[in-house]
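For reference, the structure discussed in these notes is given below.
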Amino acid sequence: MGIEEVTKTARTRLCIESGERSWLKNARYTARDIANDTLELKQQGYNRTEIQKEVDREDFLRNNKCAVVGKALHAWDSYKELLDWWYDQDDTNVGKPSPPATDKKGAYPPVMAHTEGYRLTYNDETERVEFRVSPKPYKKVNGHLRGRPDDLSLIEKALTEEEWSLGQAELLYRDGVYYLHVTVKTEVKVPEPEDADTLIGVDINERNIALTALTRETMDTLGTLVLDYGSVKAERQRYHTITKRCQEHGQHSIHHQLGEKEERYTEWILHRLSRVVVEFAQQFSNPVIVFEDLSGIRDAIKYGTYMNRRLHKLPFHKFEQQVRYKATWNQIPCETVESPYNSKACSCCGHRGYRQGRRFCCTNDSCDVQQDHADRNASVNVAWRAWAKHAGIDVESVNYRTRKTQPFVRKVSLSGSGRSVNRPTSSREIASRGVLTT
Ligand SMILES: [Zn+2]
């Protein structure tokens, strides 16, 4: 068993009972200044400690300042990661990521640690969560929180149950209302990957996510599912074209909105896809979700355009992070295996084969598999590598991988617009289609 910390964000609204709203407003502006200064200093090569010293402000809690600097540096790291991705990929339609804004457009809210910059308490009499926010030294704003029952009960849990605790909170402002987004933390016990009974191999490419569940004991296939999100790409392309056109005409505000729309859309897709993966895994006993190590491949060998395409059409890294996050909440372990030539090996006999469109063709005459769905084939190889790793078996020495009879592939399209008639209603329902009934 491994113990992992997991977080959730509770979104609430402030009902201010005492203190000045102008203090909060000033704190917002100061936080933005600090974040912008942080980013500028970072670009000039300053390190974290130097930045902390440089951006010190008398009108702002030191503790809050540290949190704001931390968040700005995190945004910078994400930007650098995105930039690396951009330099690596070969799709010229994807715009170059821009660094976090260091002017008035930069949206960096005050970030506060619990009991320092803010404090929440549960009032038994009123049955409300009360807050104290310290936007400046010696200035306190008090009141209670409002919000959806789910969000409030998360906070109550963090305040009353020992296994739960409160992390940082962010103070946001929109249309005259102040919001407090509170991070709630707990620890989850996750089984070790090698103790799992079912191996879920995940293969990702620009069109599909293929999943295969194998039982560790016999390597029989328990389920297989291919999620097609080809329509997503088209939708992203559409937003991108409109965005570009607006840019050319200098309509920057529309451009900004569309950019956000595309981003939200991608987020939504990633959320949905990752949910299906976890729900697929949950249908089997003691599962482990296995990814192939894409970064390793990229660094080790300079692959041709095929590999690049595989890597970069969707933010795969983000997808993997989301799956891991959701899996951890559900006490499902994840692991990564190195898998060169994954898509080129036959998942049945291990022979090198070739790809013909979406088909994988095995070149071994004595192999029963003449062809298979290429992405499903790759996902079996990913699961198989996890099996070999824990069985202490040299991958190159053993060829037999799984059952010779390949099950029928269930393919589900993930609709882009969300209005398609045949769209399955829930991710659970999609996931359940991939289970084989024998
Ligand atoms: Zn074969």
Fill in the blank from the handout: Wholly inside the stretch 140-204, strands (runs of 3 or more DSSP E) that include 3 or more residues that are not assigned by TED's automatic domain parsing to the domain that holds V277 are 164-174, 177-190
Exercise for the section: Out of the residues in the stretch 347-373 that are buried (at least 24 other Cβ atoms within 10 Å of the Cβ) and free of Cβ contacts under 8 Å to residues at least 40 places away in the same chain, state the one that is farthest from the ligand (Cβ to nearest atom). Expected result: F360
Practice task
Among the residues of the stretch 374-396, write down those that are more than 16 Å from the ligand (Cβ to nearest atom) and without any contact (Cβ under 8 Å) to a residue 40 or more places away in the chain.
Solution key: A388, A391, G392, I393, D394
Practice task
Among the numbered conditions (1) at pLDDT below 80; (2) away from the ligand (no atom under 13 Å from the Cβ), tell me where T402 comes up short.
Solution key: (2)
Handout entry: R119 surrounded by fewer than 19 Cβ atoms within 10 Å (Cβ to Cβ), farther than 14 Å from R11 by Cβ and modelled with pLDDT of 95 or more
Key = yes
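So which residues in the stretch 5-25 are hydroxyl-bearing (S, T, Y), part of a strand (DSSP E or B) and over 19 Å from the mean Cα position of the chain (by Cα), if there are any at all?
Of everything in the stretch 5-25, those that are hydroxyl-bearing (S, T, Y), part of a strand (DSSP E or B) and over 19 Å from the mean Cα position of the chain (by Cα) turn out to be T12, S18.
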Fill in the blank from the handout: The number of residues in the stretch 29-77 that are in contact with a Phe, Trp or Tyr (Cβ under 7 Å, 6 or more places away or on another chain), closer than 18 Å to P99 by Cβ and small (G, A, S) is 2
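The values are calculated or read from the model by the stated rules, or taken from the named source; none is laboratory data. Note that the coordinates shown come from a computational prediction; the quantities given were computed from them, not determined experimentally. Ideal geometry is used to build each Cβ from the backbone, glycine not excepted, and the neighbour counts take in all protein chains shown.
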